[in-house]
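Undergrad: Below is one structure. I have some questions about it.
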Amino acid sequence: MLNINNLHAELEEDSEVKILKGFSLTINPGEVHAIMGPNGSGKSTLSYVLSGRDGYAVTEGGATLEGVDLLEMEPEERAASGLFLAFQYPVEIPGVGNMTFLRTAVNAQRKARGEAELSAGEFLKVVRAKANELQIDADMLKRPVNVGFSGGEKKRNEILQMAMLEPKMCILDETDSGLDVDAMKLVSDGVNALRDAGRSFLVITHYQRLLNHIKPDFVHIMSDGRIIKSGGPELALEVEENGYTDLLAEAAA
Amino acid sequence: MVALDETQLRDGVDRETVETVQSMAGTYKHGWETEIEMEFAPKGLNEDIVRLISKKNNEPEWLLEWRLDAYRRWLTMESPDWAMLKIPEIDYQEQYYYAKPKSMEEKPKSLDDVDPKLLETYAKLGIPLKEQMVLAGVEGADEPRKVAVDAVFDSVSLGTTFKKELAAAGVIFCSISEAVQDHPELVKKYLGSVVPQNDNYFAALNSAVFSDGSFVYIPAGVRCPMELSTYFRINAENTGQFERTLIVAEKGSHVSYLEGCTAPKRDTTQLHAAVVEIVVLEDAEVKYSTVQNWFPGDENGKGGIYNFVTKRADCREARAKVMWTQVETGSAITWKYPSCILRGDDSQGEFYSIAIANNWQQADTGTKMVHLGKNTRSRIVSKGISAGHAQNTYRGLVSMHPKATSSRNYTQCDSLLIGDKCGAHTVPYIEVRNASSRVEHEATTSKVDDDQLFYCRQRGMDEEEAVALVVNGFCREVLQELPMEFAMEAQALVAISLEGSVG
């Protein structure tokens, strides 16, 4: 599904600031991978570089989605080919109804893939069902995108977008940040409902607790722009128990 | 789930809008010209021209004197220079002040007798001059609404639709030249009573040479049975358009009026100086909407309309209410401040505006809210969008007079900059001369946010679609106040004006 090979990236404005330093990872269809690491290890940058945000220069290595060079594409082309990023800080768009935004996005992707656009009726039916599962009410669908949403509402809204867009490769960037226990459960249930053999996940998180709800197949520890250790779910528990210090020391040794 | 169904309806409108936007190219759509034989008054401006225009309209002596008085005052006045506009010197002797299609020499009895070429012009613009039709873009809507249209072509009105049906309700809707003939007592009573001849340089010019425009009279207690609208088309070259509109709403009446404006694409600039006067009496309500899409000049700033307009509503009696809504996307230069005189106690004025300036356009626009009566209310919502090399200024006055006790104003001005070569300016003037009134002002300036664009693009929208979505959201507050037909056109205009201006 996703193949990242020896990826190096730095800030476009300041080539002295090198953030990714040889990051490699292969994710197969249906797998859930978690990336953990201390602040500043480059986790969010990884998600931005993969999704095509301005401001980063890739200096070495590459990334492909189903064999197609991801880094050559515009952000919207990456989205249409199945890459989805659930933002750590979902963006507010005043005056644009949540529903309008969703449908514009869904139809833009369908159009890009040469599929027929959904009619208002069809769209509404699907949205209603999925919104219900995430306990998103009619009012939240009508309100402007993320404006005045609580932290939990914003994250549930990200998952609703994901459910509607049906991506193949989902990157969740610290989706657990700012969530209380109940909200975390709702969001995790939403993610778990989307797990299937054809869809892969890359879950970026600082804490182990999210991984109690979204059970990963693999856990990777990231530090200083690359993976320093990989393992199964037990690796996350180890971090929870001992923190990152030992792992970092081990890697440095 | 009632709420959700409403969402579906609103979404349906948005979808059509998006499709309309997508189907339109990024150029000025109305830049074509109607080839037709015209009759011109001699070039230039002098008393003889004023007399000639008056004679062409078969006006009574008092009106000729009124015009001449205005002309003489104009000669002593100076073009205003306080706006944030660079106005090239205008040679008033190099313009034509009267241009009329030859086929209109003998006034057609009805629209059916109008030259087909002229009728075609309006068909092409999507303006229905047949009474069974509604405005383009809403055919097939659930409830087709009738819209009466007065079609003004250069200096003359071609005709007005739905006259009989309106007359049955007691409503007078005709061109001002006809009103001078048929209702001289009303015209004499109200003309110049809101905007006096010497109000300002351009109003004086208009008073001297206005050739046509619309007249609306709503009798006491009548709710006008349909929307009224005037569509202004400038066609002839080197010809100024000087229309004059007069709306009188008697006690307890109600009317919604829309105006639209377009002009051909030309290398030379053209002058448009209009005056709109609205008289609102006790408990009456007038809603006046404008979608101004005069030719804005080309991408190098060549050509375009110079738009100098004086619009004012006088809420003369208690609880009178007026609402101005404007979407200003056209014109090379816009100088325009639709204002409300809140004279009656408890009267209300509202002003909603979107001004979009792209390429080399300059706009200096805003409003004046003059609170004279007790407990008067006003609300101003202005959105300025600048792109390319354009300059966009909001200029607004809120004045609370000593007797306007317990009055309120709320002003919100937002500016959006697209790109880094354009400018946005906010110039609020606030005068409060009593202790019990309150004025609130908020102003923000923002750039289309990179985070918003990236968010939209990550969800699959291309850059242009993303900008259109964000900008439309920004404008929504104002667009909501427009009648639906115009709201759709305006949304499409918003997207067109900004196409290719990202960055």
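Undergrad: What is the mean number of Cβ atoms from other protein chains located within 10 Å of the Cβ atom of each residue in peptide A:103-113, rounded to a whole number? Walk me through the numbers on the way to the answer.
TA: Working: counts 4, 12, 10, 2, 5, 10, 3, 1, 4, 3, 1.
What the average comes to for A:103-113 is 5.
Undergrad: Still on this structure, please answer the following. Restricting to DSSP loop positions (anything but H, G, I, E, B) with no more than 16 other Cβ atoms inside 10 Å of their own Cβ, which trypsin sites (Lys or Arg not before Pro) remain in the range B:45-104?
TA: Numbers: sites: B:51, B:55, B:56, B:67, B:72, B:73, B:86, B:102; in loops: B:86.
Sites meeting the loop and neighbour criteria: B:86.
Undergrad: To the nearest 20 Debye, how big is the dipole of the protein assembly as shown about its Cα centre, given +1 on the beta carbon of each Lys and Arg and -1 on that of each Asp and Glu?
TA: 2020
Undergrad: Per-residue ellipticity at 222 nm for chain A, helices alone: DSSP H runs ≥ 4 residues times -39500 (n - 2.57), over residue total, nearest 500 deg cm²/dmol?
TA: Value at 222 nm, helices only, nearest 500: -12000 deg cm²/dmol.
Undergrad: Here's another thing I want to ask about it. Taking just the alpha-carbon atoms of the range B:196-262, what radius of gyration and Dmax come out, in angstrom?
TA: 14.5, 44
Undergrad: In addition: Using only C-alpha atoms and all pairs of different ones, pull out the Kirkwood radius for the range A:26-175 in Å with one decimal.
TA: 16.6
Undergrad: Here's something else I'd like to know. Using the charge dipole of the protein assembly as shown (Lys, Arg: +1 at Cβ; Asp, Glu: -1 at Cβ; taken about the Cα centre), state which of B:258, B:399, A:26 has its Cα farthest towards the positive end.
TA: Ranked along the dipole, the leading option is B:399.
Undergrad: Which aspartates and glutamates, if any, have their Cα less than 14 Å from the Cα of residue B:43, not counting same-chain residues under 8 positions apart?
TA: Leaving aside aspartates and glutamates fewer than 8 places away in the same chain, those within reach of residue B:43 are B:91, B:94, B:237.
Undergrad: Dipole size in debye (nearest 20) for chain B around its Cα centre, Lys and Arg Cβ +1, Asp and Glu Cβ -1?
TA: Its charge dipole is roughly 1440 debye.
Undergrad: Rounded, prolate or oblate: which one fits the protein assembly as shown, using the alpha carbon gyration tensor with axes a ≥ b ≥ c (rounded when a/c is under 1.5, else prolate when a/b beats b/c, else oblate)?
TA: prolate
Undergrad: Calculated from DSSP H runs of 4 or more alone, at -39500 (n - 2.57) each and per residue, what is the 222 nm mean residue ellipticity of chain B, nearest 500?
TA: After summing the helix terms and dividing by residue count, I get -8000 deg cm²/dmol.
Undergrad: Count, for each residue of A:74-81, the Cβ atoms from other chains sitting within 10 Å of its Cβ, then give me the mean as a whole number.
TA: Rounded to a whole number, the mean comes out at 5.
Undergrad: Follow-up. Indicate the gyration tensor shape class of the range B:39-102 (rounded, prolate or oblate), computed on the Cα atoms with a ≥ b ≥ c the square roots of the eigenvalues: a/c under 1.5 is rounded; otherwise a/b larger than b/c is prolate and the rest oblate.
TA: Oblate.
Undergrad: Something else about it: Loop only per DSSP, at most 16 neighbouring Cβ atoms within 10 Å: give me the GluC sites (Glu not before Pro) in the range A:1-88, ordered by residue number. Working shown, then result.
TA: Working: sites: A:10, A:12, A:13, A:16, A:31, A:60, A:66, A:72, A:76, A:77; in loops: A:12, A:13, A:16, A:31, A:66, A:72.
Taking the range A:1-88 and a limit of 16 other Cβ atoms within 10 Å, the loop GluC sites (Glu not before Pro) found are A:12, A:13, A:16, A:66, A:72.
Undergrad: To continue, here is another question. How big is the Rg/Rh ratio for chain B, C-alpha atoms only, Rh by Kirkwood, two decimals?
TA: With Rg and the Kirkwood Rh in hand, the quotient comes to 0.95.
Undergrad: So, one more: Mind putting a number on the dipole of the range A:2-252 about its Cα centre? Charges go on the C-beta only, +1 for Lys and Arg and -1 for Asp and Glu, and I need it in Debye to the nearest 20.
TA: 860
Undergrad: Relative contact order for the range A:2-252: what percent, with Cα pairs under 8 Å and sequence separation of 6 or more? Kindly include the intermediate steps, with their values, before the conclusion.
TA: On the way: 444 pairs, mean separation 70.9, N = 251.
Contact order relative to length: 28 percent.
Undergrad: Hey, another quick one. For the range A:2-252, what mean projected area does the convex hull of the alpha carbons give, in nm²?
TA: Orientation-averaged projected area of the Cα hull: 13.6 nm².
Undergrad: Here's something else I'd like to know. Neighbouring Cβ atoms within 10 Å as the yardstick, rank A:217, B:81, B:113, A:224 fewest first.
TA: Lowest count first: B:81, B:113, A:217, A:224.
Undergrad: I'd like the chymotrypsin sites (Phe, Trp or Tyr not before Pro) in the range B:222-277 restricted to DSSP loop residues with at most 16 other Cβ atoms within 10 Å, sorted by number.
TA: Taking the range B:222-277 and a limit of 16 other Cβ atoms within 10 Å, no loop chymotrypsin sites (Phe, Trp or Tyr not before Pro) are found.
Undergrad: Three principal axis extents, largest first, for the C-alpha atoms of the range A:89-230, in Å?
TA: 48, 35, 26
Undergrad: When only Cα pairs under 8 Å and 6 or more residues apart are kept, what is the percent relative contact order across chain B?
TA: 11
Every number here is computed from the coordinates shown, using simple stated rules; none is lab data. The structure displayed is predicted, hence computed values, not measured ones. Because the Cβ atoms are built from the backbone with ideal geometry, glycine has one as well, and the counts that use them run over all protein chains shown.
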